[in-house]
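The values are calculated or read from the model by the stated rules, or taken from the named source; none is laboratory data. Quick caveat, the model's predicted, so the values are computed rather than measured. Every residue, glycine among them, receives a Cβ derived from its backbone with ideal geometry; neighbour counts consider all protein chains shown. Accessible surface areas use protein heavy atoms only, side chains included; no ligands, DNA or RNA. Shrake-Rupley method; radii C 1.70, N 1.55, O 1.52, S 1.80 Å.
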Amino acid sequence: MKKIILGVATVIGASGAFAQVSTVVEKKTAVLEEFTGNYCTYCPAGHKIEDQIDANASLKAITIKIQTGDFSGTDPIFGGTLETPDGEAVATAFATASYPNGSVSRRAAYKGLARGSWLNAVQTINTEDAPVNLYMQSAVDVTTRQITGSVEYYYTGTQPDATNKLVIGYYQDNIPAFQYDPGFYPSQFYILSEEIYQFDHAFRGMINGVTGAVIPTSSASSTATVPFTFNLPASFSTFDVEAGSVKLFAYVIASASGEILNATKISPVYNNFPNTDEVGIVYSSGITSENCVGQADNFTPTVLVGNYGGNNLTAFATDYNVGAATGTDSWSGNISHNQKVAVPLAALNFTYAATNSYSIDVSAPNGNVDPTIADNSFSGSFNAGPSYT
């Protein structure tokens, strides 16, 4: 069960002693919430625009993908869904019927925007002075799955609302999941033929509730540090919440209008990984051709592997087979913690039987013994046609 401890610390003096939040007027950071689905044809096109906004150093933006609605369904490969209860609550208030659509800073004029309008809305928000500045810090204990941190705010001007609200949430990167139609964003697919997609900035939940916590005073020079402690859930549906892949964000909303006044995001410090060197196999593609019993062919699988250790993964070994035919391969490169990479293996020659079983094992992360072997294997089978067809 998740645990939340949230409170407002003693108000920091206007001088900002020991404070890390800025006390000068800054420009606003925009929040783009994209409402999307895994069976939506044009949603990868929206993801691409969102990723371009996020990568643009000249923009100040937080981009969040919320899978929800009629275009979201059960994943045909991994089962389950990327939808979450908090995501459904946000979508109920701000999503519209056409997909993908987005809300930018929850401004009334920017609700239900088509993807072609997102950039202009973000740019407009970026030109405006922020009435409140934010500073955030956090750390994630990957073993205990506990997040600790704080958000500090400082009001550069008095707000019309007597109170505002502070919302703290988190999203997750590097989630392998099915996505329909790779044509609009093929570079984002781990395994293109299987439509296994790298889902980044996937909204997972709010740490202090969808409506946030009340900021008691929103007058000029009001400031405080809000500490929080939160235990990550193990999963949503069938998709694990990987502690080493979560990122955090915070924003202040106007109580009356619900508009986001300013926002911030961070990559937390990750510590206390349970293992130093660990590799796991997430998925493997099967055979891409079909032949008759007794015919020769080759098996060239693409395996999706993940680094679950604290060290960067620079090498691992692979053993695989189809029936009695066996092969080995090795990989070298550089994968940071909780990232995944699709690795094509060398072709393995075999002869078709009526039923053909295959298995793939990964091992020796960075040349060391893998301490967790439960996720090191993947297996499957495929049939041949009768010898006369």
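Okay, here's what the table says:
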{"read-out": "Cysteines (scope the chain) whose Cβ has no counterpart Cys Cβ under 4.7 Å", "value": "C292"}
{"read-out": "Equivalent ellipsoid dimensions for the stretch 240-321 as semi-axes, Å, which come from the Cα gyration tensor, largest first", "value": "44, 21, 8"}
{"read-out": "9 Å beta-carbon shell around D319, net charge (K/R +1, D/E -1)", "value": "-2"}
{"read-out": "For the chain, size of Cβ-based charge dipole, Lys and Arg +1, Asp and Glu -1, in debye", "value": "1180"}
{"read-out": "q = 0.18 Å⁻¹: log10 I(q)/I(0) that the Debye formula gives for the stretch 162-321, counting C-alpha atoms only", "value": "-1.20"}
{"read-out": "Share antiparallel - DSSP beta bridges, the chain, percent rounded to 5", "value": "90"}
{"read-out": "Gain in span if fully extended, T144 to T96, counting 0.36 nm per residue against the direct Cα distance", "value": "13.5 nm"}
{"read-out": "Calculated from backbone phi, Karplus (6.51, -1.76, 1.60) coupling profile of the stretch 151-158 in Hz, x at Gly/Pro", "value": "10, 10, 10, 8, 8, 8, x, 6"}
{"read-out": "The chain - mean residue ellipticity at 222 nm from DSSP helices (-39,500 (n - 2.57) per run, n ≥ 4, rounded to 500)", "value": "-2500 deg cm²/dmol"}
{"read-out": "Estimated FRET transfer efficiency when R0 is 22 angstrom, pair C292-S187 (beta carbons, to 0.05)", "value": "0.05"}
{"read-out": "Peptides 269-279, 299-309 ordered by average Cβ neighbours within 10 Å, highest first", "value": "299-309, 269-279"}
{"read-out": "Viscosity 1.567 mPa s, temperature 4 °C, Stokes-Einstein D of the stretch 79-126 from Kirkwood C-alpha radius, µm²/s", "value": "111"}
{"read-out": "The chain: radius of gyration over Cα atoms, expressed as a fraction of 2.2 N^0.38 Å", "value": "1.13"}
{"read-out": "Normalised contact order of the stretch 50-182, rounded percent, pairs of Cα under 8 Å and 6 or more residues apart", "value": "18"}
{"read-out": "Extended-chain gain in nm, criterion 0.36 nm per residue less alpha-carbon gap, S336 and K27", "value": "108.0 nm"}
{"read-out": "Per residue solvent-accessible surface (Å²) - the chain, probe of 1.4 Å", "value": "41"}
{"read-out": "Formal net charge of residues neighbouring F189 (Cβ-Cβ distance under 15 Å; K, R +1; D, E -1)", "value": "-4"}
{"read-out": "Per-selection Kirkwood Rh - the stretch 106-152 (Cα, Å, 1 d.p.)", "value": "14.0"}
{"read-out": "Whole-number D in µm²/s for the stretch 46-177 (Stokes-Einstein; Kirkwood sum over Cα pairs; 37 °C, 0.692 mPa s)", "value": "189"}
